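> Handing you a structure now.
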Amino acid sequence: MTKIIHIRARHWFLLFTVFALTASLLLSGEKHTVSVQGQTIQAGDNGRIILIDPGHGGFDGGAVGVNGTVEKNVNLAISLKLRDMLNDAGFTVVMTRESDCALNDTGDTTIRKRKISDMRARLNLTKLYPGSVLISIHQNKLSGDSRVHGAQIFFSPNEPSSKELAQSIQSEFNSRIQPEKPREVVKTGKNLYLFYHAQNTAGL
């Protein structure tokens, strides 16, 4: 079953920091182990495949910051840095995108159809890599309240070890980066298509 972690933050620097923590959890064999499909996986097991999904892309820019920063570009920049870091550590990394593009069918004629097609393409990609870890990178924008900030980890309801890994990452983030405003992990619902449907054992 795919382990899925969805990390959302307001500031890209904090978001990159949490991915550095993610990598440290994956790489640290002493403290953190996760059971997947009956197998205990230790961090540092370089046979693991990590699927990194930079949210949005192409026609879909995602959220736009107060200074005009577009989410899709921040997501990709962070993803590429994380990819390089994990590659250097010996992990096999698969990216859903490595440039400013979407994965939708080019024949789609409306924005809605493009978005549905893009999400389905990402979901289909997860099915190619059984037993891997999927990390989806996004940023949230909450209008009208600049006090809301920090990172929160979302997890798939379809794989029990997803919550375990999410809680490990959230705990590290809360203690090291945002101790004044700790967050709780959140189980995803139907509004997050990729996480809600990525439940097949033939997936990542």
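The values are calculated or read from the model by the stated rules, or taken from the named source; none is laboratory data. Values in this document were obtained by computation on a predicted structure and should not be read as measured data. Heavy atoms of the whole protein, side chains included, go into the accessibility calculation; ligands, DNA and RNA do not. Shrake-Rupley method; radii C 1.70, N 1.55, O 1.52, S 1.80 Å.
> For the range 183-191, does any single residue satisfy the condition of being within 13 Å of the chain's Cα centre (by Cα) and open to solvent by less than 20 Å² (accessible area, probe 1.4 Å)?
The initial filter retains those residues of the range 183-191 that are within 13 Å of the chain's Cα centre (by Cα), namely 188.
If we keep only those that are open to solvent by less than 20 Å² (accessible area, probe 1.4 Å) as well, we get 188.
Looking for residues that are within 13 Å of the chain's Cα centre (by Cα) and open to solvent by less than 20 Å² (accessible area, probe 1.4 Å), one finds at least one in the range 183-191, hence yes.
> Could you check the range 66-84 and list, in sequence order, the residues that are open to solvent by 40 Å² or more (accessible area, probe 1.4 Å) and among the hydroxyl-bearing types (Ser, Thr, Tyr)?
Thr69
> Another one. Suppose we filter the range 165-182 for residues that are open to solvent by less than 80 Å² (accessible area, probe 1.4 Å), among the polar types (S, T, N, Q) and within 22 Å of Val133 (Cα to Cα); how many remain?
Of the residues in that region, 4 qualify.
> Shifting gears a bit: Looking at the range 87-135, which of its residues are more than 17 Å from Leu192 (Cα to Cα), open to solvent by less than 20 Å² (accessible area, probe 1.4 Å) and modelled with pLDDT of 90 or more?
Answer for the range 87-135, where residues must be more than 17 Å from Leu192 (Cα to Cα), open to solvent by less than 20 Å² (accessible area, probe 1.4 Å) and modelled with pLDDT of 90 or more: just Arg97.
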